[in-house]
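Novice: Please see the structure below; I have some questions.
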Amino acid sequence: IMSLEQDIMSAMKEAMRSKDQVALRALRAVKSAIIIQKTETGSSSEMSEKDEMKLLQKLVKQRKDSADIFSKQNREDLAKPELEEVEVIAKFLPAAMTESEIEIVVKETIASLGADGMKDMGRVMGVVSGKLAGKADGKTISVLVRNNLS
């Protein structure tokens, strides 16, 4: 199994060969985020798959948030590059689950924990988020948990 870092490096070489500036920009951002993460944790070894997913999701979320802000300010010229980078980075994430697939996990978790009512939201969120790490975003999970608990 190749690590995320190796995948990014080979994708960067490919982007350089094909002169794909968008991909190169996005991949460099991922590479630098990996280096920063390793420096902060003081580890020279590979990151765990879970940490890699978290990192990629964070980078995607940052870009989507920036694009939203730019769009609200009618600056599509600035929003577009952010969304192009999202597409490149998202290729390294596992396929996202559909809302109905997420809801099944939410319902099963609520049943298995015997959760009833909003007081159990945190507990349910924790379990579901752990199960679906990298496959579903927190906002969607949160909405579905709230709907199924209330």
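Novice: So is LYS107 closer than 30 Å to ARG25 by Cβ and open to solvent by 80 Å² or more (accessible area, probe 1.4 Å) or not?
Specialist: So LYS107 fails the test.
Condition check ((1) of a type outside the set (D, E, K, R); (2) over 26 Å from SER150 (Cβ atoms)) across all residues:
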site	(1), (2)
SER48	yes, yes
ASP65	no, yes
GLU76	no, yes
LEU83	yes, yes
LEU93	yes, yes
GLY117	yes, no
ASP120	no, no
VAL124	yes, no
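Novice: Given ALA79, ALA95, which one is surrounded by 12 or more Cβ atoms within 10 Å (Cβ to Cβ) and either in contact (Cβ under 8 Å) with a residue 12 or more places away in the chain or under 30 Å from MET118 (Cα atoms) (or both)?
Specialist: When all the criteria are applied, what remains is ALA79.
Novice: Here's another thing I want to ask about it. Scan segment 134-150 residue by residue and report those that are open to solvent by less than 40 Å² (accessible area, probe 1.4 Å) and either closer than 21 Å to GLU49 by Cβ or at pLDDT below 90 (or both).
Specialist: Just the residues of segment 134-150 that are open to solvent by less than 40 Å² (accessible area, probe 1.4 Å), to begin with: 134, 136, 140-142, 144-145, 149.
Matches in segment 134-150: GLY134, ALA136, THR140, ILE141, LEU149.
Novice: Same structure again: Are there any pairs with C-beta distances below 8 angstrom linking a residue in segment 59-71 that is open to solvent by 60 Å² or more (accessible area, probe 1.4 Å) to a residue that is not hydrophobic (A, V, I, L, M, F, W, C), with the two at least 6 apart or on different chains, and if so which?
Specialist: Close Cβ pairs (under 8 Å, with a partner that is not hydrophobic (A, V, I, L, M, F, W, C)) amount to LYS61/ASP137; LYS64/GLU82.
Novice: If I ask for residues that are open to solvent by 80 Å² or more (accessible area, probe 1.4 Å) and part of a loop (DSSP other than H, G, I, E, B), which ones from segment 113-131 would you list?
Specialist: Selection gives ASP116 alone.
Novice: Sticking with this one: Among the candidates ILE110, ILE102, ILE89, single out the residue that is touching a residue at least 24 places away in the same chain (Cβ under 8 Å), closer than 21 Å to VAL22 by Cα and assigned to a helix (DSSP H, G or I).
Specialist: ILE89
The values are calculated or read from the model by the stated rules, or taken from the named source; none is laboratory data. Owing to the predicted nature of the structure, the values given are computational and were not obtained by experimental measurement. Cβ atoms come from the backbone with ideal geometry, glycine included; neighbour counts cover every protein chain shown. These accessible areas exclude ligands, DNA and RNA; they are computed on the full protein's heavy atoms, side chains included. Shrake-Rupley method; radii C 1.70, N 1.55, O 1.52, S 1.80 Å.
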